[in-house]
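The values are calculated or read from the model by the stated rules, or taken from the named source; none is laboratory data. What you see is a predicted model, and the numbers here were worked out from it, not measured in a lab. Virtual Cβ from ideal backbone geometry, glycine too; neighbours counted across all protein chains shown. Accessible surface is based on the protein model in full, side chains and every heavy atom, while ligands, DNA and RNA are left aside. Shrake-Rupley method; radii C 1.70, N 1.55, O 1.52, S 1.80 Å.
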Amino acid sequence: GVFYEVVQSFPRVEENVEVDSFVSSHRWRRHSESLKSVNTNRASMGQDSLEPGGFTDLLLEEGHDNTTQIEEDTDHNYYTSRTYGPYDSTSRDLWVNIDQMEKDKVKIHGILSNTHRQAARVNLSFDFPFYGHFLREITVATGGFIYTGEVVHRMLTATQYIAPLMANFDPSVSRNSTVRYFDNGTALVVQWDHVHLQDNYNLGSFTFQATLLNDGRIIFGYKEIPVAVTQISSTNHPVKVGLSDAFVVVHRIQQIPNVRRRTIYEYHRVELQMSKITNLSAVEMIPLPTCLQFSSCGPCVTAQIGFNCSWCSKLQRCSSGFDRHRQDWVDSGCPEESKDKICEKNIDTTETPLYSTTTLLPTTTRFRVLTTTRGSTTSHLPTSLPTEDDTKIALHLKDNGASTDDSAAEKKGGTLHAGLIVGILVLVLVVAAAILVTVYMYHHPTSAASLFFIEVR
């Protein structure tokens, strides 16, 4: 595995963590009708024209057929991607020239610009929606990617990333190499400038960037790609272009007290074609609707957005069951509740989805699982591959002392039963005491109790 050192991290990096992984399958595909609903707004960042000496100096000759340069892929389920070739003018519009931005907002990260396999936390000034979840912190790595996970561990390349070009880059080998970023309140741009591969310096320098916009769009821009990405060696470092997200499950290890195991399930990944990544190309990824956007039961259970959305009244949340809140979903008994798909009140269909809807075709998608253990020197592989079967995942969670709605109902029923028994016993004791007092007064008419009863009457 490839390990990264994380600096300026919050929360702090998990220590003594070992990561294991395995792959399962689970993939979806959308109909081509979703092409009609794609938002075609561009992330030009207010750049109607570019100054000489910037991106335009590298443009190729004009007069080519632009229509052959655009490729669109809807087989991502959570995102639609558009790839623009070097002859398409949109590639220029999507590139953000940081040199033209306000200098006080452009930050060169000193540590990342002079080290190898380092990562640093960066705060965003806006909420960035990623797979339907809002992020305010990211982790920028020297290896050409951004880590988006909340649990910071050393194996950042495995999952939960935004990777314009993940590879074994080492900014420390050249004085011209920098990692800098720019945040204007609606977008964050991270740029890797003139970085070289540590194990193949002679290939030349790479310059590329990732732009995260507050509407959820993600843009990869490429200015300098000296060789075909498919030729970059992955021997010492993974080479990836795309997105990934996962959810974390925490459960105890019964054999080791006070030790909990973290299992990171990669529930989705976007893999872009590396052969399309060239000089002056760009990729735009537009988010598709998810179950998390619905805030009430009716629109949730009737939504047709390509996911099997269910409503959990205990959490007041709409979900497909596979997102970053997976553990809360299982712990709260939501998989059992979601089987009914019935709302408590009349279904309200007045809520309008944030995006237009499409239908779903079932196929296969990949699952990667990472297991991290705190306080343990040995790794523990899961006993079975993760599936959509909520019961199998819930079995691990029961080790954590978590209760479901069914167990809560059983506890409530047991309490009522015990109360009924106590009430009956008290009533029997009162009746028995009354009988004994009556018998005593009958056989002892001169006793104080008998005389008191006669006086009262």
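A compact table of results
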read-out: Residues of region 184-240 satisfying the condition of being of a type in the set (Val, Ile, Thr), within 21 Å of Arg92 (Cα to Cα) and in a loop (DSSP other than H, G, I, E, B); value: Thr186, Ile225, Val227
read-out: Test result for Val249, touching a residue at least 60 places away in the same chain (Cβ under 8 Å) and either more than 15 Å from the chain's Cα centre (by Cα) or within 19 Å of Arg326 (Cα to Cα) (or both); value: yes
read-out: Subset of region 208-242 [among the acidic types (Asp, Glu) and farther than 16 Å from Val195 by Cα]; value: Asp215
read-out: Per-region count, region 280-325, residues of a type in the set (S, T, N, Q) and part of a helix (DSSP H, G or I); value: 2
read-out: Residue list for region 235-280, restricted to those being farther than 23 Å from Thr157 by Cβ and open to solvent by less than 30 Å² (accessible area, probe 1.4 Å); value: His251, Ile253, Val259, Leu280
read-out: Odd one out for Pro86 among (1) in a loop (DSSP other than H, G, I, E, B); (2) under 21 Å from Tyr147 (Cα atoms); value: (2)
read-out: Any chance Cys297 is out of contact with any helix residue (DSSP H, G or I) (no Cβ under 9 Å at 6 or more places or on another chain), free of Cβ contacts under 8 Å to residues at least 60 places away in the same chain, within 27 Å of Phe134 (Cα to Cα) and crowded, with 21+ Cβ neighbours inside 10 Å; value: yes
read-out: Filter result (within 24 Å of the chain's Cα centre (by Cα) and either modelled with pLDDT under 95 or open to solvent by 10 Å² or more (accessible area, probe 1.4 Å) (or both)) within region 162-181; value: Tyr181
read-out: Which listed residue is in contact with a Lys or Arg (Cβ under 9 Å, 6 or more places away or on another chain), outside the structural domain of Ser81 (by the TED database), at pLDDT below 95 and open to solvent by 40 Å² or more (accessible area, probe 1.4 Å), from Thr373, Thr363, Thr349; value: Thr363
read-out: Conditions (1) in contact with a strand residue (DSSP E or B) (Cβ under 9 Å, 6 or more places away or on another chain); (2) of a type in the set (Gly, Ala, Ser); (3) over 30 Å from Phe208 (Cα atoms): number failed by Ala282; value: (3)
read-out: Residue satisfying condition, being at pLDDT 90 or above and either outside the structural domain of Leu156 (by the TED database) or in contact with a helix residue (DSSP H, G or I) (Cβ under 8 Å, 6 or more places away or on another chain) (or both), within set Arg269, Arg326; value: Arg326
read-out: Region 220-234, residues that are touching a helix residue (DSSP H, G or I) at 6+ places or on another chain (Cβ under 6 Å), buried (at least 22 other Cβ atoms within 10 Å of the Cβ) and among the hydrophobic types (A, V, I, L, M, F, W, C); value: none
read-out: Residue among Ser89, Ser81, Ser113 that is open to solvent by less than 10 Å² (accessible area, probe 1.4 Å), more than 27 Å from the chain's Cα centre (by Cα) and not aliphatic (A, V, I, L, M); value: Ser113
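Condition check ((1) without any contact (Cβ under 8 Å) to a residue 24 or more places away in the chain; (2) β-branched (Val, Ile, Thr); (3) out of contact with any Phe, Trp or Tyr (no Cβ under 8 Å at 6 or more places or on another chain)) across all residues:
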position: Ser172; (1), (2), (3): no, no, yes
position: Val190; (1), (2), (3): no, yes, no
position: Gln209; (1), (2), (3): no, no, no
position: Asp215; (1), (2), (3): no, no, yes
position: Glu224; (1), (2), (3): no, no, no
